[in-house]
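See structure below.
The values are calculated or read from the model by the stated rules, or taken from the named source; none is laboratory data. The structure displayed is predicted, hence computed values, not measured ones. In this analysis, Cβ positions are derived from the backbone assuming ideal geometry, glycine residues included, and neighbour counts consider all displayed protein chains. Just so you know, the surface numbers come from the protein's heavy atoms only, side chains and all, with ligands and any DNA or RNA stripped out. Shrake-Rupley method; radii C 1.70, N 1.55, O 1.52, S 1.80 Å.
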Amino acid sequence: MGLTGMALAIDAGNSKTDVALVATDGSILATARGGGFRPPVVGVERAVDVLAPLVAFVLAEAGVGGAAGPGGAAGAAGVVGPVGAAGVAGPVGAAGMVGPVGAAGMVGLVGAAGVTEPVGAAGAARTAGPAGAAGAPGPAEVAGVAGPVEHLSAFLANADLAVEEARLTAEIARRGWAGTVAVRNDTFALLRAGLPDEGEPVGVAVVCGAGINCVGVGRDGATARFPSIGRISGDWGGGAHLADEALWCAARAEDGRGAPTELVSALPAHFGLTTMRELIEALHLHEIPGHRRHELPPVLFAVATAGDRLARTLVTRQAEEIALLARVALERLGLLDEPTPVILGGGVLTARHPLLHDHLTQLLTDRAPKALPHVVTAPPVLGAALDTLDRAGAKAGAYGRVRRAWG
């Protein structure tokens, strides 16, 4: 990682962003957490602004000089203080950024998921970029303004298309935080976190959290991806989608347009209400903030577990969609006939609801019998940190140190 022996690892999700400063030996020198990363909503420049105080904070914590480029002088205002051995967070500043976690008080950093280009032989730096439509490798890194660290690996939500990755890469490189910058969709971080640290990285990852996405890496760096930008790209599922489906079914059941379901009473009861009409009105008038819809998938799973037919149908459909994504990715990469890791992550999957998990496992057994499903609960920033070690050609012990830092 150059003269500094350090790199920046970033995992940025829709709701929160994690930044870690990683040494070549696998030591986590500083961490910070900030707000959500939403370039489609605020634009690329303002989205990257969310990263600036977090990067400044971790560099300052490690005693590293500031960045040379634009945004490098961003202060640490609003960064929450370090979490110590007792795990108590310091005061929140104006921007509400969460501060670093000490080695003795490491807490899980949560994001959406992502990793960069595949590794070749064990210990080799990741230099080949993602394969395009024709299988040709793309650029792995772009040069940034000479910064305080050699490299920055960023795995970002909403970096779903090649043009989005390119724009985000250029903007981050412009900030002068690192000599080289690599940006990938955050689902690649989940994949890297779940794959072994030796040998050719081959596998598929499906994340089902607020949304749903799937990526895969095959032999010689081949990749399989989906646009994953919502209904227009054929997506079905994820926590937000399940919440909306549950509300839709319950509303129709109450007014007679749909099949009966216990969701009619369970969803309003969660918010202390009696009827779906009351809940619809409260959501529409923002008496219940829209972001609280994320509380509804566990209610859906509880109703399904109790035997409600309609709720079970939604959960079953989610399992089928996850299995379908995994199978299609394996098929595209020519991996259906060989044992291949299928890494599963995101809040919907890591909750391990028996109805969803058991049905998904059975579907994979039937449709992709060589698949080796594995649920990863470690935070996706782990994948970003491992990627920095891949690029540095780090020694085996460094990987174990990073993995232990995030459990």
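Can you figure out the FRET efficiency of Lys395 with Leu285, using R₀ = 41 Å and their beta-carbon distance, to the nearest 0.05? Computed FRET efficiency for Lys395 and Leu285 comes out at 0.10.
Shape index of segment 231-369: Rg/Rh, with Rg the Cα radius of gyration and Rh the Kirkwood radius from the inverse mean 1/r over Cα pairs, equals 1.04. With Rh defined as the Kirkwood radius, the inverse of the mean 1/r over Cα pairs, the Rg/Rh of segment 292-407 is 1.06. Of the trypsin sites (Lys or Arg not before Pro) in segment 251-280, the ones in a loop by DSSP (not H, G, I, E or B) with at most 11 other beta carbons within 10 Å are Arg257. The distance between label points at Thr305 and Arg257 comes to 3.1 nm (points 7 Å beyond Cα on the Cα→Cβ vector). Using θ = phi - 60° in the Karplus curve 6.51 cos²θ - 1.76 cosθ + 1.60, the 3J(HN,Hα) couplings for segment 317-324 round to 4, 5, 4, 5, 5, 5, 5, 5 Hz; x is entered for Gly and Pro. Derived scalar couplings between HN and Hα for segment 347-357 equal x, 5, 7, 5, 5, 6, 4, x, 4, 6, 5 Hz in order, rounded to whole Hz, by the Karplus curve 6.51 cos²θ - 1.76 cosθ + 1.60 (θ = phi - 60°), x for Gly and Pro. For Val163 and Arg219, a Förster radius of 41 Å and the Cβ-Cβ distance give a FRET efficiency of 0.95, rounded to the nearest 0.05. Taken along the Cα-to-beta-carbon direction at a fixed 7 Å, the label points for Thr316 and Val142 span 4.8 nm. Heavy-atom surface analysis with a 1.4 Å probe gives segment 293-359 a carbon and sulfur content of 52 percent of its accessible area. Taking amide hydrogens as placed 1.01 Å from N in the peptide plane, the amide H of His151 sits under 5 Å from those of Leu8, Gly179, Thr180, each at least 5 positions away in sequence or on another chain. With one equal scatterer per alpha carbon and no solvent term, the Debye-computed log10 I(q)/I(0) for segment 313-358 at 0.15, 0.16, 0.20, 0.24 1/Å reads -0.43, -0.49, -0.72, -0.91. In segment 1-42, how does Rg compare with the Kirkwood Rh, expressed as the Rg/Rh ratio over alpha carbon atoms? Reported Rg/Rh, Kirkwood definition of Rh: 1.12. Karplus-based coupling profile of segment 5-13, in residue order and whole Hz: x, 9, 9, 9, 10, 10, 10, 10, x, with θ = phi - 60° in 6.51 cos²θ - 1.76 cosθ + 1.60 and x standing for Gly or Pro. For Ala30, the residues whose modelled amide H falls within less than 5 Å of its own, excluding neighbours fewer than 5 places apart on the same chain, are Leu21. Largest accessible area first, the residues Lys395, Lys370 order themselves as Lys395, Lys370 under a 1.4 Å probe with ligands, DNA and RNA left out.
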